[in-house]
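The values are calculated or read from the model by the stated rules, or taken from the named source; none is laboratory data. Small disclaimer: the values here were computed from a predicted structure and weren't measured. Methodologically, a virtual Cβ is constructed for each residue, glycine included, from the backbone with ideal geometry; neighbour enumeration extends over all protein chains shown.
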């Protein structure tokens, strides 16, 4: 079966997809017979979720920024992790094939815990998942070790609502290094904590699985992110402890971290803006390759409620393929997708003319 037909089959079978169309434009008749510019209310198409919609009214307070407070524990641990990852690269030629494949497998499962789990399911509520899928995603998210789902979703909603301001945890206006990793090495700006505290997180607090993970996160991370990926190669196919530790664990973990961070840094600084030229997030194919589909960032910030985080669904988007497969199994449902008409209208209205859609 051709790939496009397979995609249509999986996308439509066993479940429903909510297609989001632009709401009717409110047009007023003038005395001269002209029509005023349509009023788009795209954020109103998902009334149960508002705190990931950009707030253009928020402005940074005037005055100098607070003095940076370095978190030396994080700086030292991050340095040691990347030092270990570099040594892991040196060890790759001498590690066993199964160890290399195990590291790749763990990479993709960990990445899905972030992209399909913490991001598209829990941060944006772009689709719904039944218990077996939620359980898989919470385990995969713990394997990734990028803060628990509750904290990740809280920071990410703040990132969308107050994007490119001091209330954005990884404000890209502060440079590539800060938005990539620097924000984890210093104390948060007071605006992040102040505005983050205004977000509605009641949906996360009401989900027992999310709060269970938060309660037992530290011991779970030690086992899922460090002990298990090291033990499996050593025990099952006789890999050396050195190779298991530095290739399957440190190198793999650092790779997942940096692929995710590139969405915050590179995808906010390099690429095209076909959907909204007025915002910093951009389409970056290389980021999408590493972050299993999260590099279509101009689209995502324009339409954060689209489960595909992209106009093109499966195109360089393993996460969307995964969600569609779960939908075919009946484990994912109510996938929200922006209609082609709404996308084209937005391209025409605010795009940078780099779009090939038509």
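Applying the condition of being within 17 Å of residue 168 (Cα to Cα) and surrounded by 11 or more Cβ atoms within 10 Å (Cβ to Cβ) to segment 60-89 and asking which residue is modelled with the lowest pLDDT yields 65. Within segment 71-81, can one find any residue that is touching a residue at least 24 places away in the same chain (Cβ under 8 Å), part of a loop (DSSP other than H, G, I, E, B) and either farther than 29 Å from residue 304 by Cβ or over 24 Å from the mean Cα position of the chain (by Cα) (or both)? The answer is yes; a qualifying residue exists. Residue count for segment 90-103 under the criterion of being assigned to a helix (DSSP H, G or I) and either surrounded by 13 or more Cβ atoms within 10 Å (Cβ to Cβ) or in contact with a helix residue (DSSP H, G or I) (Cβ under 8 Å, 6 or more places away or on another chain) (or both): the result is 8. When segment 109-155 is filtered for residues that are over 14 Å from residue 214 (Cα atoms), within 12 Å of the chain's Cα centre (by Cα) and part of a helix (DSSP H, G or I), the ones remaining, listed by number, are 111, 112, 113, 114, 115, 116, 117, 119, 120, 121, 123, 155.
When 316, 323, 347 are checked against the criterion of being over 20 Å from residue 123 (Cβ atoms) and within 16 Å of the chain's Cα centre (by Cα), 316 stands alone in meeting it.
Checked against (1) free of Cβ contacts under 8 Å to residues at least 24 places away in the same chain; (2) under 27 Å from residue 326 (Cα atoms); (3) surrounded by 18 or more Cβ atoms within 10 Å (Cβ to Cβ), residue 120 meets all criteria but (1). Residue 285 meets the conditions (1) within 30 Å of residue 347 (Cβ to Cβ); (2) without any contact (Cβ under 8 Å) to a residue 60 or more places away in the chain; (3) surrounded by fewer than 23 Cβ atoms within 10 Å (Cβ to Cβ); (4) in contact with a helix residue (DSSP H, G or I) (Cβ under 8 Å, 6 or more places away or on another chain) in every case but one. The failed one is (4). Residues in segment 240-281 that are crowded, with 24+ Cβ neighbours inside 10 Å and in a loop (DSSP other than H, G, I, E, B): 274, 275, 281.
Every residue, every condition in (1) more than 21 Å from residue 320 (Cβ to Cβ); (2) out of contact with any strand residue (DSSP E or B) (no Cβ under 7 Å at 6 or more places or on another chain), yes or no:
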residue: 246; (1), (2): yes, yes
residue: 251; (1), (2): yes, yes
residue: 260; (1), (2): no, yes
residue: 267; (1), (2): no, yes
residue: 277; (1), (2): yes, yes
residue: 281; (1), (2): no, yes
residue: 291; (1), (2): no, yes
residue: 296; (1), (2): no, no
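Going by what's in this entry, would residue 298 be described as in a helix (DSSP H, G or I), at pLDDT 95 or above and surrounded by fewer than 20 Cβ atoms within 10 Å (Cβ to Cβ)? For residue 298, the condition - in a helix (DSSP H, G or I), at pLDDT 95 or above and surrounded by fewer than 20 Cβ atoms within 10 Å (Cβ to Cβ) - is not met. Restricting attention to segment 198-211, the residues that are touching a residue at least 40 places away in the same chain (Cβ under 8 Å) and either in a helix (DSSP H, G or I) or farther than 15 Å from residue 152 by Cβ (or both) add up to 7. In segment 186-197, the count of residues that are assigned to a helix (DSSP H, G or I), within 28 Å of residue 90 (Cβ to Cβ) and out of contact with any strand residue (DSSP E or B) (no Cβ under 9 Å at 6 or more places or on another chain) is zero. Just to verify a result, which residue in segment 202-219, among those that are surrounded by fewer than 19 Cβ atoms within 10 Å (Cβ to Cβ) and touching a helix residue (DSSP H, G or I) at 6+ places or on another chain (Cβ under 6 Å), is nearest to residue 121 (Cα to Cα)? Out of the qualifying residues, it is 209. Within segment 222-239, if we keep just the residues that are in a loop (DSSP other than H, G, I, E, B) and at negative phi, the residue that is surrounded by the fewest Cβ atoms within 10 Å (Cβ to Cβ) turns out to be 237.
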